[in-house]
Amino acid sequence: RQGEAEAYRWRQYLQAVGKYVEVVNISGNDYGTQDREMFRPSLWAEFYVPAWRLVTDVIHTFPDVKTWIHCCGSVPNLIPHFIAAGVDILNPVQWTAAGMDLRTLKAKYGQALTFWGGAISTQRTFPFGTAEDVAREARDVLDVMAPGGGFVVNPIHNILAEVPVENIVALYRTAQNYRY
């Protein structure tokens with residue numbers, strides 16, 4: 001019933017404002033830890049995919065609206081289920097978590113998903129590295145994720161107070177000047 005209620009709510013919402021919306025967040029939950037999914041992917045497929053599919057099918061009746069989920073952590077075995085559920089955008093790509101290799105993710109899922117975030121490690125480089133470290137890491141990520149499109153430059157997670165302003169500027173200047 002949860003999927004039906006959500007689908008109904010999304011239909012009403014998008015009928016009212018759909019022409020002004022390009023992306024909607026259908027989930028802000030984390031399903032992964034640093035080293036694995038929080039529960040068996042088969043359970044996620046059984047309980048979440050059908051409900052989310054109801055929701056994403058309604059959202060996709062508005063052709064210019066994409067579905068976005070936030071999900072930190074190690075979720076490589078959930079990604080096929082996200083796609084089966086109709087998710088268009090995964091935020092973030094926490095490549096510092098186990099099994100979240102950028103090259104593998106881009107090769108396997110780059111045609112089916114847009115990856116939003118993951119341009120810099122917010123646990124290591126962003127708060128503790130130099131501006132040069134940030135620029136180097138961002139270029140390395142862009143070299144993998146930018147070709148063919150489907151990547152939105154953003155840190156892995158929120159920009160925290162500990163991040164030096166120079167590092168924030170370095171990330172976005174690197175992205176702005178990047179050419180592949």
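The values are calculated or read from the model by the stated rules, or taken from the named source; none is laboratory data. Here the structure is a predicted model, which means the values were calculated and not measured. Cβ atoms come from the backbone with ideal geometry, glycine included; neighbour counts cover every protein chain shown. The protein model used for the area step is the full one, side chains on, heavy atoms only, and it has no ligands, DNA or RNA in it. Shrake-Rupley method; radii C 1.70, N 1.55, O 1.52, S 1.80 Å.
Observations on the model:
- Residue count for region 37-75 under the criterion of being free of Cβ contacts under 8 Å to residues at least 40 places away in the same chain and touching a strand residue (DSSP E or B) at 6+ places or on another chain (Cβ under 8 Å): the result is 4.
- Matching residues in region 141-180 - criterion: being open to solvent by 60 Å² or more (accessible area, probe 1.4 Å), closer than 20 Å to residue 72 by Cβ and of a type in the set (A, V, I, L, M, F, W, C): 159, 160, 161
- As a summary of the residue check, residue 115 satisfies the conditions (1) open to solvent by 30 Å² or more (accessible area, probe 1.4 Å); (2) modelled with pLDDT of 95 or more; (3) under 15 Å from residue 95 (Cβ atoms) except for the one numbered (1).
- Any hit, region 66-74, residues being among the β-branched types (Val, Ile, Thr) and open to solvent by 10 Å² or more (accessible area, probe 1.4 Å): no
- When 90, 105 are screened for being in a helix (DSSP H, G or I) and closer than 25 Å to residue 171 by Cα, only 105 passes.
Okay, residues lined up against (1) farther than 23 Å from residue 152 by Cα; (2) surrounded by 13 or more Cβ atoms within 10 Å (Cβ to Cβ); (3) of a type in the set (S, T, N, Q); (4) at pLDDT 95 or above:
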{"position": "1", "(1), (2), (3), (4)": "yes, no, no, no"}
{"position": "28", "(1), (2), (3), (4)": "no, no, no, no"}
{"position": "59", "(1), (2), (3), (4)": "no, yes, no, yes"}
{"position": "78", "(1), (2), (3), (4)": "no, yes, no, yes"}
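- Odd one out for residue 138, checked against (1) within 14 Å of the chain's Cα centre (by Cα); (2) open to solvent by less than 40 Å² (accessible area, probe 1.4 Å): (1)
- Search result, residues across region 153-167 that are without any contact (Cβ under 8 Å) to a residue 40 or more places away in the chain and closer than 22 Å to residue 90 by Cα: 153, 158, 159, 160
- Yes/no for residue 61 being over 18 Å from residue 79 (Cα atoms) and among the hydroxyl-bearing types (Ser, Thr, Tyr): yes
- Residue that is nearest to residue 5 (Cα to Cα) [pool: residues in region 23-47 that are among the acidic types (Asp, Glu) and assigned to a loop (DSSP other than H, G, I, E, B)]: 30
- Looking across region 32-57 at every residue that is touching a Gly at 6+ places or on another chain (Cβ under 6 Å) and polar (S, T, N, Q), the one that is least open to solvent (accessible area, probe 1.4 Å) is identified as 56.
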